[in-house]
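The next block holds one structure in the form of structure tokens; read it before the comments.
The values are calculated or read from the model by the stated rules, or taken from the named source; none is laboratory data. Quick caveat, the model's predicted, so the values are computed rather than measured. For accessibility, only protein heavy atoms count, side chains too; no ligands or nucleic acids. Shrake-Rupley method; radii C 1.70, N 1.55, O 1.52, S 1.80 Å.
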Amino acid sequence: MSFKKKSRIIALIMLVVAIAFFAFTISHPTAGFPWSNAITYFIYAVYILIMVLLFIAPHKWGK
């Protein structure tokens, strides 16, 4: 399997997991994490950055 296809599949799985997580958090507003919001937002930002890079990578570096 090519790098392009692997990258897109991983990014798509990450997107589906993010949507499922969002749906869970909407239906369970009292759930939370044991750490501060700053750490939570940092984790979200890193996750989104990795997902976007995996979507963009095949266009920049793939053959």
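Say we look at the stretch 20-35 and pick out the residues that are open to solvent by 100 Å² or more (accessible area, probe 1.4 Å) and part of a loop (DSSP other than H, G, I, E, B); which of these is modelled with the lowest pLDDT? It comes out as Pro29. Flag: Ser2 matches the condition of being closer than 15 Å to Ala57 by Cα, among the hydroxyl-bearing types (Ser, Thr, Tyr) and over 18 Å from the mean Cα position of the chain (by Cα).
Here Pro58 meets each of (1) under 29 Å from Lys4 (Cα atoms); (2) under 15 Å from the mean Cα position of the chain (by Cα) with one exception, condition (2).
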